[in-house]
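Before any comments, here is the structure.
The values are calculated or read from the model by the stated rules, or taken from the named source; none is laboratory data. None of the values given here were measured: they were computed from a predicted structure. Because the Cβ atoms are built from the backbone with ideal geometry, glycine has one as well, and the counts that use them run over all protein chains shown.
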Amino acid sequence: MKDTLKNTLNKVNLDAHFKNESLNNISLDTPVKIENLNCTGSLRRRLLDLGLIKGTTIIPVLKSPCGDPTAYSVRGSLIALREEDSGLINVIK
């Protein structure tokens with residue numbers, strides 16, 4: 001019983017640490033890994049073509065003066081994504 005409770009508490013702590021967040025909620029210069037894309041069709045194809053696949057490290061580096069779009073460093077390139085598009089990308093810290 002104690003081991004089961006301990007394992008459950010460890011899982012809860014790990015889940016809290018590796019909580020999925022949307023890319024648009026990540027602070028500048030915070031490296032995260034892509035968990036999944038919550039979109040379909042041509043937008044999904046575009047994001048995949050840009051190299052945004054599961055496990056890829058992505059770092060928000062610049063915000064435009066008005067706040068949208070944001071520039072991200074991914075696989076050695078700098079790409080700009082609108083907030084509505086980056087909100088569809090789930091990441092883990």
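Pairs are defined by a Cβ separation below 6 Å, a sequence spacing of at least 6 or placement on different chains, a first member in region 73-89 that is on the phi < 0 side of the Ramachandran plot, and a second member that is of a type in the set (A, V, I, L, M) and at pLDDT 95 or above; the pairs so defined are SER73/ILE59; SER73/VAL61; VAL74/ILE58; LEU78/ALA71; ALA80/ALA71. Residue count for region 18-33, restricted to those that are within 8 Å of the chain's Cα centre (by Cα) and modelled with pLDDT of 95 or more: 2. Among residues that are under 17 Å from THR30 (Cβ atoms) and touching a helix residue (DSSP H, G or I) at 6+ places or on another chain (Cβ under 6 Å), SER73 is not included.
Here ARG45 clears all of (1) of a type in the set (Lys, Arg); (2) at pLDDT 95 or above; (3) touching a Ser or Thr at 6+ places or on another chain (Cβ under 6 Å) except the condition numbered (3).
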